Amino acid sequence: MITKTEENYLKAVYKLSEKENKSVGTNAISKEMNTTAASVTDMIKKLSEKKLVNYEKYRGVGLTLEGNRHATQLIRRHRLWEVFLVDKLNFSWDQVHDIAEELEHIESKQLIERLDSYLGNPRFDPHGDPIPNSEGKFMLRHQTPLSEMPVNQSCILLGVREHNTPFLEYLNSLQIKLGTEIRILDKIQFDHSLKIEINQSETTIISAKVGQDLFVKLK
């Protein structure tokens, strides 16, 4: 039996290791989970005893095959619920993360498979993140941070790196959402901010950080 808290730790380790492409340290997990290093150490010990993570001193924490399976299924449930909330209940993309955080812990396999079928087997969630299938496999696609695109190249927004509400509300205020056409008009040398054109009409300036957190493809 895996508790809700243990599931949250598995998801945190998965996301951190995916970002770094390696085992993750307890300090990084502590920051991600907003808890103390001592609490992380205790939890890693429990997860290790359940054979869900491997821990090597000075090398960090990594998921076992079973731990990875649990983490990807948790992510699958989370992202399917986000699609349901946006597509069927008309929530906006900045409102769904916290609700999905609660719904993802409903473990009924039959419910999730019916939900997936009801939604038309979506491949990506409302933030552009891939939804793993029932076997835990993700559909990958080529996408590039907006900041790496050349000036005057039109592109389409595929996804966002950050899912927090203030960031998504900021994008809403700029009329930026998935599918929005964006073109870099200028890269400002002083602070690497970007002057952009949105849907061939509005122009604005976004920070370098925002440019890095928007994933696009060529139009």
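Below 24 Å, Cα to Cα, which lysines can Lys4 reach? Residues fewer than 8 away in the same chain don't count.
Lys4 reaches Lys15, Lys19, Lys31, Lys45, Lys46, Lys50, Lys51, Lys109, Lys137.
Taking the alpha-carbon set of segment 154-219, what are its Rg and Dmax in Å?
Rg and Dmax of segment 154-219, Cα atoms, are 11.0, 29 Å.
What are the residues whose amide H is under 5 Å from the amide H of Ile131, where those residues sit 5 or more places off or on another chain and H is modelled from the backbone?
For Ile131, whose amide H was placed from the backbone, the distant partners under 5 Å are Phe124, Asp125, Met139.
Please compute the Kirkwood hydrodynamic radius of segment 103-153 from all pairs of different C-alpha atoms, in Å with one decimal.
Averaging 1/r across every pair of different Cα atoms and inverting gives 13.4 Å.
If you count only protein heavy atoms with a 1.4 Å probe, what accessible area per residue comes out for segment 139-213, rounded to a whole Å²?
Accessible surface, normalised per residue, equals 57 Å².
In vacuo Debye scattering of segment 38-121, one point per C-alpha: log10 I(q)/I(0) at q = 0.14, 0.16, 0.19, 0.20 Å⁻¹?
Each listed q maps to, in turn, -0.61, -0.73, -0.86, -0.90.
Starting from the residue with the highest accessible area, list Met33, Met1, Met139, Met149 in decreasing order, probe 1.4 Å.
Met1, Met139, Met33, Met149
Taking only protein heavy atoms into account and a 1.4 Å probe, give the accessible area per residue of segment 55-108 in Å².
Heavy-atom accessible area per residue stands at 53 Å².
Expressed as a whole percentage, what fraction of the accessible surface of segment 84-219 belongs to carbon and sulfur atoms when a 1.4 Å probe is rolled over the protein heavy atoms?
Whole-percent figure for carbon plus sulfur exposure: 49.
Per the helix-only calculation at 222 nm, which mean residue ellipticity applies to the chain, given -39500 (n - 2.57) for every DSSP H run of n ≥ 4 and division by its residues, nearest 500 deg cm²/dmol?
-13000 deg cm²/dmol
Quick one: Karplus J couplings for segment 207-214, per residue in order, coefficients 6.51, -1.76, 1.60, θ = phi - 60°, nearest Hz, x for Gly and Pro?
6, 4, 4, 5, x, 6, 9, 9
Amide H of Leu63 versus every other amide H placed in the peptide plane: which residues, excluding those fewer than 5 positions away on the same chain, fall under 5 Å?
Distant-sequence amide H within range of Leu63: Asn54.
Ranked by accessible surface with a 1.4 Å probe, highest first, in what order do Tyr118, Tyr170 come?
If we order Tyr118, Tyr170 from most to least accessible, we get Tyr118, Tyr170.
Please list Lys45, Lys88 in order of solvent-accessible area, largest first, computed with a 1.4 Å probe with all protein chains present.
From most accessible down to least: Lys45, Lys88.
If eta is 1.567 mPa s and T is 4 °C, what Stokes-Einstein diffusion coefficient results for segment 86-210, Kirkwood Rh from Cα pairs, in µm²/s?
Estimated diffusion coefficient is 79 µm²/s.
The values are calculated or read from the model by the stated rules, or taken from the named source; none is laboratory data. Everything quoted here is computed from the prediction, not taken from an experiment. SASA here: full protein model, heavy atoms, side chains in, ligands and nucleic acids out. Shrake-Rupley method; radii C 1.70, N 1.55, O 1.52, S 1.80 Å.
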